[in-house]
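*Asks:* Got a structure for you, written out below as structure tokens; questions coming shortly.
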Amino acid sequence: MEKNLSPVIALIILSVLPSLATANLTEHELSLAISALRSRGYKLFPHAITDSDLRLRLLTSRNSTFTFFSPPDSLLDSLDLSFTATLYDCSLLCHVSPSKLTASQLQNLDYLNTLLPHRRLLIGNTTVSTNGADFDSVTVNGVRLSVPDLFIGSSIAVHGLDGVLVAEVESEDEEEHYGELGFVSPEIWPVDEYVAPSESSATETRVPSSNNRRIGVHGDDVDDKVSHGQFSKFNHLFGL
């Protein structure tokens, strides 16, 4: 009997090994990503990560990979001065996705989850002309990736943005709700609870899928009824 059970036990052990091998983000790699940002002139976004509880959330999250979208210092500083602490924190969460994605991988997506519950980013493609040459570029809610693949590690991808993403709330009650939120993994958010974006946050440069279906980060098809997070360009919102 024991000999017959051995192969079964071995199969069970092999089946759980992949989950056991999935490690959390290490502090070493997070430090490398932050150092890479600072070396490219991004000072405030890495400071915001280390100076808030976001750092601890990243290191203790059930998600093991992340993508950072770093805004310019000038716009993040203006955001800090113009918004309440809750809205600033919510906007900060909008700049982090619970999946590691390079610039080329982003080009194949139409939306992207963020660390802010029930909010998604619209991913688009545009063409940028530099010195007479045209280059393909990715946009995140209409904001262009100015420094794609700034840092690519085993668990983190970092991209520099040409603007800043702003979390919008409909009422003071919603803002208070977000202020009371703990860290929730996007893996457990129901798809039908995502909040639809306002018309002002739609991006003109976005290129829809040819089959009119949106492609999720895990390759799942989601029809056009799926809504996305409300965001807008900060420079448009404040006339900068």
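*Asks:* Could you tell me whether any residue of the stretch 19-34 is modelled with pLDDT under 90, out of contact with any helix residue (DSSP H, G or I) (no Cβ under 8 Å at 6 or more places or on another chain) and in a loop (DSSP other than H, G, I, E, B)?
*Replies:* yes
*Asks:* Go through Val96, Val128 for me and flag whichever is closer than 17 Å to Leu161 by Cα and either in contact with a helix residue (DSSP H, G or I) (Cβ under 6 Å, 6 or more places away or on another chain) or modelled with pLDDT under 95 (or both).
*Replies:* Val128
*Asks:* Pairs needed: first member in the stretch 22-38, of a type in the set (Val, Ile, Thr); second member anywhere, modelled with pLDDT under 95 and not in a helix (DSSP H, G or I); C-beta distance under 8 Å; at least 6 residues apart or different chains.
*Replies:* Thr22/Ser64
*Asks:* Is it true that some residue in the stretch 3-10 is modelled with pLDDT of 50 or more and in contact with a helix residue (DSSP H, G or I) (Cβ under 8 Å, 6 or more places away or on another chain)?
*Replies:* no
*Asks:* Restricting attention to the stretch 35-59, and to residues there that are among the charged types (D, E, K, R) and not in a helix (DSSP H, G or I), which single residue is nearest to Asp89 (Cα to Cα)?
*Replies:* Here the residue is Asp53.
*Asks:* Can you tell me which of Asp89, Asp77, Asp136 is farther than 23 Å from His47 by Cβ and acidic (Asp, Glu)?
*Replies:* On the way: Asp89 fails: farther than 23 Å from His47 by Cβ; Asp77 fails: farther than 23 Å from His47 by Cβ.
One residue alone meets the criteria, Asp136.
*Asks:* If you don't mind, there's one more thing I want to ask. Arg62 passes all but one of (1) part of a loop (DSSP other than H, G, I, E, B); (2) surrounded by 15 or more Cβ atoms within 10 Å (Cβ to Cβ); which number fails?
*Replies:* (2)
*Asks:* Taking the condition part of a loop (DSSP other than H, G, I, E, B) and modelled with pLDDT under 80, does Glu170 pass?
*Replies:* Numbers: part of a loop (DSSP other than H, G, I, E, B): yes; modelled with pLDDT under 80: yes.
Spelling it out, Glu170 is indeed part of a loop (DSSP other than H, G, I, E, B) and modelled with pLDDT under 80.
*Asks:* Can you tell which of Leu75, Leu122, Leu112, Leu87 is touching a strand residue (DSSP E or B) at 6+ places or on another chain (Cβ under 8 Å), assigned to a helix (DSSP H, G or I), surrounded by 17 or more Cβ atoms within 10 Å (Cβ to Cβ) and not polar (S, T, N, Q)? First the steps, then the outcome.
*Replies:* Numbers: Leu75 fails: touching a strand residue (DSSP E or B) at 6+ places or on another chain (Cβ under 8 Å); Leu122 fails: assigned to a helix (DSSP H, G or I); Leu112 fails: assigned to a helix (DSSP H, G or I).
It is Leu87.
The values are calculated or read from the model by the stated rules, or taken from the named source; none is laboratory data. This structure is a prediction, so every number in the text was calculated from the model and none was measured. Virtual Cβ from ideal backbone geometry, glycine too; neighbours counted across all protein chains shown.
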